[in-house]
Amino acid sequence: MAQGILKDTMANAMLVKDLAEVAKDTALLHGVQIRVHESPNSSEVVTYAPITLFPSPVPKSAFYQALAVQVHYNTLVDKISQDADFLQKALASTITVDNFTARLFKIHQQVLEEGKAQSIVLGLNRSDYMLDQKNEGCPTLKQIEINTFAASFAGLTSHTPHVHRHILKVAGCVEESQRILDNNSAAGLAEAIAKAWELYGSKRAIVMFLVEENQINIFDQRCIENELWKRNISTKRKRFRDVSKTGSLDPDRKLFVDGQEVAVVYFRNGYMPQNYQKNANIFNDWQARLLMERSLAVKCPDIGTHLAGTKKVQQVLSQPGVLEKFFPEQPQVVEQIRSTFAGLYTLDMGPEGDKTIEMALRTPGLFVLKPQREGGGNNLYGAELQQVLQEVKGSEERMAYILMDKIHPTPVQNILLKRDAPLKISTCLCELGVFGTYVRKGREMVLNKCAGHLLRTKSSEHADGGVAAGVAVLDNPLLL
Ligand code: ADP
Ligand code: MG
Ligand code: MG
């Protein structure tokens, strides 16, 4: 690209200041916005969503590889979610020490014992990758994780291309501006939700967005809501406490909340232990979750799919022969998926786990230690990793974690636009996400698609990531 122009631009403080103002205004013009922390439940004052000033270079081959493998990841997640035996074996050690996963697992068991009310399944996931620069000149696509619960930014990322196209034009890079890809993840997610709603088969029933107490990222969700309204599908935003207070099942296990039948529950909250409050209501949030899981409503995700997205399952999948079990007659699919795996290691009790500990303590800089948590900011690196491993190595506590090879993407230069942060050139690392959507009815896959991408970029000073965690910002790939 016109790297030269951009390099010169970045070095010109006056120009950067002007462009940053243009970028913020363009973001606001196109709905790339978030609420402010001071008033997370009001839209009286909003701000631009954190974003890079320029798009970041991404190699074309790795980008299309990530898009191509997505439908197989969808199938894999869906297969795992239906395999109670596999989930039980994979999570057996984890749930003895991790209370949160244990609680989810218990709900899974309760639902299976009673018998699932609904055979329609809706999956909206996002598989995240970094490009490892191990092979000089040929970075390889490595999966960081797959999010099967509340994978966010499909909405905002549908609008960020406008921002970077405009900025490149203003910066004098007209040709590059035309190379920013369209991305319509919000419509893609809405298409799958709409299909599930249609299969549920009641015109009166709504799509319920189960949302957070603090709704900073509401515009991201509104994009999907509005896509559903375009199709004349009613959506409502409810919190756990609304379901606790007014939720009920009729004799057919139809779910009613505030008197309205719910066709689809789309969880945007409920992936962290602190999302579940033990209030004094007759029903607490955990009971509300169970109520929804037992219901006839289509859950996105259902409890099996939630568990399929745990980091422990990711680690078990990397063991020899496991992918083959899920794709017995498709060695090429196994190969396509496996080629995106980084090294993943068990910390279960026994010689294999002992070996992992020894390796990690010897060279902590090469690894990431991950508990079964989501939302960014939970992983351990370097000295902290070493310290925690020393503490837990002799006890079963270690089984709450998995170990993973640390991926080293090629650093890129960019300017991160964050509210109240100084404008400066940062050395950055990118993480590419790919959205996947699927709908299954009984044994039939009715829809299985790749639904666009998300590029997030953070300063290399931070080991961990996440836009919601305040570290990463939105970006766009400029394919090389
Ligand atoms: P979460 O579910 O909290 O998002 P992730 O596994 O995605 O957990 O880790 C959070 C962040 O930590 C990622 O966005 C990435 O920046 C960093 N990270 C995670 N795993 C690795 C890895 N193997 N190598 C390098 N960075 C990683
Ligand atoms: Mg995650
Ligand atoms: Mg992540």
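Worth pointing out:
- For Gly452, distant residues with modelled amide H under 5 Å away: Phe435
- Approximate spin-label separation Phe341-Gln319, in nm, with each point projected 7 Å along Cα-to-Cβ: 1.1
- For Val111, Val388, order by how many other beta-carbon atoms lie within 10 Å, fewest first: Val388, Val111
- Other-chain or far-sequence residues with amide H under 5 Å of Gly377's (modelled H): Gly465
- Per residue, the chain reaches -12000 deg cm²/dmol at 222 nm when only DSSP H runs of four or more residues are counted, each adding -39500 (n - 2.57).
- Each part gets one Cα centre, and for segment 463-480 versus segment 1-75 those centres are 8 Å apart.
- The protection proxy used here, the mean number of other Cβ atoms lying within 10 Å of each residue, ranks peptides 259-265, 323-329 as follows, highest first: 259-265, 323-329.
- With θ taken as phi - 60° and the Karplus curve 6.51 cos²θ - 1.76 cosθ + 1.60 applied, the whole-hertz 3J(HN,Hα) list for segment 409-417 is x, 5, x, 10, 8, 7, 10, 9, 9 Hz, x standing for glycine and proline.
- Taking other Cβ atoms within 10 Å as a rough exposure proxy, Tyr401, Tyr200 sort from fewest to most as Tyr200, Tyr401.
- Karplus-derived 3J(HN,Hα) values for segment 49-54, using 6.51 cos²θ - 1.76 cosθ + 1.60 with θ = phi - 60°, are 6, x, 8, 6, 6, 10 Hz; glycine and proline are entered as x.
- Inter-part distance, segment 415-457 to segment 256-325, computed on C-alpha centroids, equals 21 Å.
- Ranked by the mean number of other Cβ atoms within 10 Å per residue, highest first, peptides 113-120, 411-418, 310-317, 139-146 order as 310-317, 139-146, 411-418, 113-120.
- Anisotropy class assigned to the chain is oblate, per the alpha carbon gyration tensor with a/c at or over the 1.5 cut-off and a/b no larger than b/c.
- The ranking of Trp229, Trp197, Trp286 from fewest to most other beta carbons within 10 Å of each one's beta carbon is Trp229, Trp286, Trp197.
- Segment 29-133: Lys pairs at Cα distance under 26 angstrom, eight or more positions apart or on different chains: 6
- Charge context of Asp83, other residues only, Cβ under 15 angstrom, K/R +1, D/E -1: +3
No value in this document is a laboratory result; all are computed from the given coordinates. In this text, all values refer to a predicted model and were calculated from it rather than measured experimentally. Every residue, glycine among them, receives a Cβ derived from its backbone with ideal geometry; neighbour counts consider all protein chains shown.
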